[in-house]
Amino acid sequence: MTDRHLDHGLAERIVAESQDAIIFAGRDGVIRLWNAGAERLFGHAASSAIGQSLELIIPERLRQRHWDGWDRVMATGETKYGTEPLAVPGVRADGSRVSLEFSITILRDGGEIVGIAAILRDVTQRWEQDRALRNRVTELEEAARPEAPSEITA
Ligand code: HEM
């Protein structure tokens, strides 16, 4: 896939230095890879995130849905989030929320699923801009609506 004249470690360097957060978890849902982008995004050092469950970054109320989806993917080998990104809120080390968009990639070894990689991006700013725009549109629509007809009194 890479030009053989390039460094052998090229793919590893791209993962290590990517601005996006890149995470890999084994079948058991335990984090095995956590790049510098993930350290920046979530505020956990790789040394503390690796070995912990993915629940580290999943808000409590979404954990069940996440594991239901996870188990389904492990059982069927298919995901609907390979092409269309999944948009979810995540939790940072300081407890603050972040709006995320991510795609996932199933990793296999000889046909057997060994785990799932995710590439995540912080879209908080875009979400806030979209929300402000939606609110403004609603305000303008309400302002433009003709007055309700006054009651006819015969
Ligand atoms: C902020 C962190 C995360 C949250 C809040 C979250 C939440 C969710 C939710 C709500 C679903 C169900 C979606 C649906 O049924 O439509 C889901 C599914 C899933 N999540 Fe997570 N997740 C997070 C991180 C991750 C990470 C890092 C990975 C992989 C390393 C991952 C792997 C999956 C998989 C494989 C599914 C099933 C997708 C499918 O049905 O095709 N999640 N997650």
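The values are calculated or read from the model by the stated rules, or taken from the named source; none is laboratory data. Nothing here was measured: the structure is a model prediction, and the numbers come from that model. Here the Cβ positions follow ideal geometry from the backbone for every residue, glycine too, while neighbour counts run over all protein chains shown.
The figures follow:
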| quantity | calculated |
| --- | --- |
| Single residue of segment 93-112 satisfying the filter (surrounded by fewer than 14 Cβ atoms within 10 Å (Cβ to Cβ) and of a type in the set (Gly, Ala, Ser)) that is modelled with the lowest pLDDT | GLY111 |
| Considering residues of segment 51-69 that are of a type in the set (Asp, Glu) and farther than 13 Å from ALA25 by Cα only, the residue farthest from the ligand (Cβ to nearest atom) | GLU60 |
| Neighbours by Cβ (under 8 Å, 6+ apart or cross-chain): first from segment 72-84, surrounded by 15 or more Cβ atoms within 10 Å (Cβ to Cβ); second aromatic (Phe, Trp, Tyr) | TYR81/PHE102 |
| Selection within segment 18-40 - in a helix (DSSP H, G or I), surrounded by 14 or more Cβ atoms within 10 Å (Cβ to Cβ) and either over 14 Å from the mean Cα position of the chain (by Cα) or more than 10 Å from the ligand (Cβ to nearest atom) (or both) | ALA36, GLY37, GLU39 |
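Residues are listed down the side, and each one gets a yes or a no for (1) closer than 17 Å to GLY115 by Cβ; (2) among the hydroxyl-bearing types (Ser, Thr, Tyr):
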position	(1), (2)
GLN19	no, no
GLY29	yes, no
ILE57	yes, no
GLY77	yes, no
GLY82	yes, no
SER103	yes, yes
